[in-house]
Amino acid sequence: SAVISQKPSRDICQRGTSLTIQCQVDSQVTMMFWYRQQPGQSLTLIATANQGSEATYESGFVIDKFPISRPNLTFSTLTVSNMSPEDSSIYLCSVEGFGNEQFFGPGTRLTVL
Amino acid sequence: QKEVEQNSGPLSVPEGAIASLNCTYSDRGSQSFFWYRQYSGKSPELIMFIYSNGDKEDGRFTAQLNKASQYVSLLIRDSQPSDSATYLCAVKAPSGSARQLTFGSGTQLTVLP
């Protein structure tokens, strides 16, 4: 499986600010995904990030709030914009392996005050 | 509408017993099924995947799939306290170019020493 790292691992931010989360993979992957896991909840897909094209967002998530970049096959960023306390969550990136399975990074724990 | 349902638990079993975790899904076209283990404060870790009807065994873990009943389960034999975690069922449907996983709400398992 791929080795996935995320930065930062955690952050505490003020309302109205933005945070960019980085996801780095140790091998080239076609598909990268960004998920959100709110406290005590399961995972919800935010968007799929493809290299060379715009991200595909799931219902309820918009590009203005969660802009995503995918400049190459090993890296992606997710920005959480104009944050509110409701954005406090764990944000996870994942990649798809050769056999359809997905592997997750360690996550970024975000607290918005 | 795609849905994946799990018994939320919590499920408690004594050490050495068999833990049985269940998952049903609504999209009959679903093709790939995954079980993730998530320890508190950690990201999900893939422990089993299954694509065909029947059983698939890996060490103490057995995944069972019944597509006719739209049912997938995970059995953990000889349960250990270290198995205490939340277990997430995830389903991937082949619809178009969709590559995302739909997650259940998770079952919290506690193995009592």
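Annotations
- Among residues of region A:99-113 being touching a Pro at 6+ places or on another chain (Cβ under 7 Å) and buried (at least 20 other Cβ atoms within 10 Å of the Cβ), the one that is nearest to the other protein chains (Cβ to nearest Cβ) is A:F104.
- The strands (runs of 3 or more DSSP E) found entirely in region B:5-62 that carry 2 or more residues being crowded, with 16+ Cβ neighbours inside 10 Å, out of contact with any Lys or Arg (no Cβ under 8 Å at 6 or more places or on another chain) and more than 13 Å from chain A (Cβ to nearest Cβ) are B:11-14, B:19-25.
- Among the residues of region B:66-79, those that are hydrophobic (A, V, I, L, M, F, W, C) and surrounded by 19 or more Cβ atoms within 10 Å (Cβ to Cβ) comprise B:V72, B:L74, B:I76.
- Sole exception among (1) of a type in the set (V, I, T); (2) touching a Cys at 6+ places or on another chain (Cβ under 8 Å); (3) at pLDDT below 95 for A:T48, by number: (2)
- Region A:16-59, subset on the phi > 0 side of the Ramachandran plot and without any contact (Cβ under 8 Å) to a residue 40 or more places away in the chain, residue farthest from the other protein chains (Cβ to nearest Cβ): A:G52
- The residues listed here are A:T79, A:T44, A:T56; of these, the one that is farther than 14 Å from B:Q100 by Cβ and touching a strand residue (DSSP E or B) at 6+ places or on another chain (Cβ under 6 Å) is A:T79.
- Selection within region B:1-27 - more than 17 Å from the chain's Cα centre (by Cα) and touching a residue at least 40 places away in the same chain (Cβ under 8 Å): B:P14, B:E15, B:G16, B:A17
- Tabulated pairs, region A:85-109, first farther than 14 Å from A:Q41 by Cβ, second of a type in the set (K, R) and crowded, with 21+ Cβ neighbours inside 10 Å, C-beta under 7 angstrom, 6+ apart or interchain: A:N100/B:K92
- Flag if B:S73 is polar (S, T, N, Q), touching a residue at least 40 places away in the same chain (Cβ under 8 Å) and within 14 Å of chain A (Cβ to nearest Cβ): no
- Here B:S82 passes the criteria (1) surrounded by 12 or more Cβ atoms within 10 Å (Cβ to Cβ); (2) of a type in the set (S, T, Y); (3) away from chain A (no Cβ under 11 Å); (4) under 26 Å from A:G105 (Cα atoms) except the one numbered (1).
- For the criterion of being within 11 Å of another protein chain (Cβ to nearest Cβ), surrounded by fewer than 21 Cβ atoms within 10 Å (Cβ to Cβ) and over 21 Å from A:Q14 (Cα atoms), A:E96 passes.
- Test for A:I21: is it in a strand (DSSP E or B), modelled with pLDDT of 95 or more and surrounded by fewer than 16 Cβ atoms within 10 Å (Cβ to Cβ): no
The values are calculated or read from the model by the stated rules, or taken from the named source; none is laboratory data. This one's a predicted model, so the numbers in the text were calculated from it and none came from an experiment. Reconstructed Cβ throughout: ideal geometry from the backbone, glycine too, with neighbour counts over all protein chains shown.
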